[in-house]
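Novice: Right, I'll just put the structure down here and ask away after.
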Amino acid sequence: MAQVFESNVVAAIPDRVTDTQVLHLLHSEVMSKMQVQVFKNYTQLEDETLSDWLNISVKTFRNYKKTDTELKENIKERIILLISLFKHGKEVFGTTDQFISWMNIDNPFFDYSKPIDYLNTITGIRFINDRLTAMEYGDNV
């Protein structure tokens, strides 16, 4: 049952989400601890990393997974954008692991920083997504 819910949450978020779609998702679905757990399961990363991307403490991130506290709008927005980004990255690289590997390599398009270091801002998430789109059209970095 939980796996079906997880599949439905991930399927509801497009791999190239527009601002209109983000707003629709923010206002049409209640994102709670289930979506936080889906986010963690989908990315397969540690709480410390994910809480940093959401700009919250690890304790707060873990509390969101345990309680039925409704998430703040900015947290929901980041989760939507990050799931969309990971779906797009998986599409471009074939697996989530390969996408994460690419994000952990210094890249000239990111001032020779790692793309993963840009995930704590919405602009950074969008920039990485734009780089993935460029790669799909032949820009191979």
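Novice: Can you say whether T60 is modelled with pLDDT of 85 or more, over 16 Å from G124 (Cβ atoms) and out of contact with any Phe, Trp or Tyr (no Cβ under 8 Å at 6 or more places or on another chain), as far as the supplied structure shows? Steps first, please.
Specialist: On the way: modelled with pLDDT of 85 or more: yes; over 16 Å from G124 (Cβ atoms): yes; out of contact with any Phe, Trp or Tyr (no Cβ under 8 Å at 6 or more places or on another chain): yes.
Judged against the criteria, T60 is a match.
Novice: Further, regarding this structure: Could you list, in sequence order, all residues of the stretch 117-141 that are closer than 16 Å to V92 by Cα and assigned to a loop (DSSP other than H, G, I, E, B)? It would help to see each step written out before you state the result.
Specialist: Applying the first criterion (closer than 16 Å to V92 by Cα) to the stretch 117-141 yields 125-141.
Matches in the stretch 117-141: Y137, G138, D139, N140, V141.
Novice: Another question, if that's okay. Every residue in the stretch 92-116 that is of a type in the set (D, E, K, R), at pLDDT below 95 and either closer than 19 Å to L54 by Cβ or not in a loop (DSSP other than H, G, I, E, B) (or both), please.
Specialist: The one that is of a type in the set (D, E, K, R), at pLDDT below 95 and either closer than 19 Å to L54 by Cβ or not in a loop (DSSP other than H, G, I, E, B) (or both): D97.
Novice: For residues that are under 16 Å from the mean Cα position of the chain (by Cα) and not in a helix (DSSP H, G or I), scanning just the stretch 41-65, find the one that is surrounded by the most Cβ atoms within 10 Å (Cβ to Cβ).
Specialist: So, considering only residues that are under 16 Å from the mean Cα position of the chain (by Cα) and not in a helix (DSSP H, G or I), the one surrounded by the most Cβ atoms within 10 Å (Cβ to Cβ) is L54.
Novice: Let me ask something additional. Which of the residues belonging to the stretch 106-133 are farther than 17 Å from T18 by Cα and in contact with a helix residue (DSSP H, G or I) (Cβ under 8 Å, 6 or more places away or on another chain)?
Specialist: The initial filter retains those residues of the stretch 106-133 that are farther than 17 Å from T18 by Cα, namely 106-120.
Across the stretch 106-133, the qualifying residues are N107, F109, F110, K114, P115, I116, D117, Y118, L119, N120.
Novice: Now for a different question. I'd like to check something: does the stretch 109-129 contain any residue that is surrounded by 19 or more Cβ atoms within 10 Å (Cβ to Cβ), touching a strand residue (DSSP E or B) at 6+ places or on another chain (Cβ under 9 Å) and free of Cβ contacts under 8 Å to residues at least 60 places away in the same chain?
Specialist: The answer is yes; a qualifying residue exists.
Novice: Given D47, D52, which one is more than 24 Å from H24 (Cα to Cα), touching a helix residue (DSSP H, G or I) at 6+ places or on another chain (Cβ under 9 Å) and in contact (Cβ under 8 Å) with a residue 60 or more places away in the chain? Working first, answer last.
Specialist: Working: D47 fails: in contact (Cβ under 8 Å) with a residue 60 or more places away in the chain.
Criteria check complete, one pass: D52.
The values are calculated or read from the model by the stated rules, or taken from the named source; none is laboratory data. Just so it is clear, the model here is predicted, and its values are computed rather than measured. Glycine also receives a Cβ, built like all others from the backbone with ideal geometry; neighbour counts cover every protein chain displayed.
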